[in-house]
Amino acid sequence: MESEELHRHLLGLTEPWTVKRVELNMVQKHVDVYVGYTPSVP
């Protein structure tokens, strides 16, 4: 499972929400998860 897919699952995100990228900072001991929204076209 890719990092973005894992974090999407952990956060409980469903379409149209997606995880755009994940950044791990070991020095500052935190993870930044960037979430995106893609609206559906009617």
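When the stretch 5-24 is filtered for residues that are under 10 Å from the mean Cα position of the chain (by Cα) and under 14 Å from Thr38 (Cβ atoms), the ones remaining, listed by number, are Arg8, Leu13, Trp17, Thr18, Val19, Lys20. Selection of the stretch 25-37 for residues being surrounded by 10 or more Cβ atoms within 10 Å (Cβ to Cβ) and either over 11 Å from the mean Cα position of the chain (by Cα) or of a type in the set (Asp, Glu) (or both) yields only Asp32. In the stretch 18-42, the residues that are within 12 Å of Glu4 (Cβ to Cβ) form Cβ pairs under 9 Å with partners that are among the aromatic types (Phe, Trp, Tyr) and part of a strand (DSSP E or B), at six or more places apart or across chains, as follows: Thr18/Tyr37; Val19/Tyr34; Lys20/Tyr34; Arg21/Tyr34; Val22/Tyr34; Glu23/Tyr34; Val35/Trp17; Gly36/Trp17.
Okay, residues lined up against (1) of a type in the set (Gly, Ala, Ser); (2) modelled with pLDDT of 95 or more:
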{"site": "Met1", "(1), (2)": "no, no"}
{"site": "Glu4", "(1), (2)": "no, no"}
{"site": "Gly12", "(1), (2)": "yes, yes"}
{"site": "Thr18", "(1), (2)": "no, no"}
{"site": "Leu24", "(1), (2)": "no, no"}
{"site": "Lys29", "(1), (2)": "no, yes"}
{"site": "Val41", "(1), (2)": "no, no"}
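The values are calculated or read from the model by the stated rules, or taken from the named source; none is laboratory data. It should be emphasised that the depicted structure is a prediction, and the values quoted were computed from it without experimental measurement. Glycine also receives a Cβ, built like all others from the backbone with ideal geometry; neighbour counts cover every protein chain displayed.
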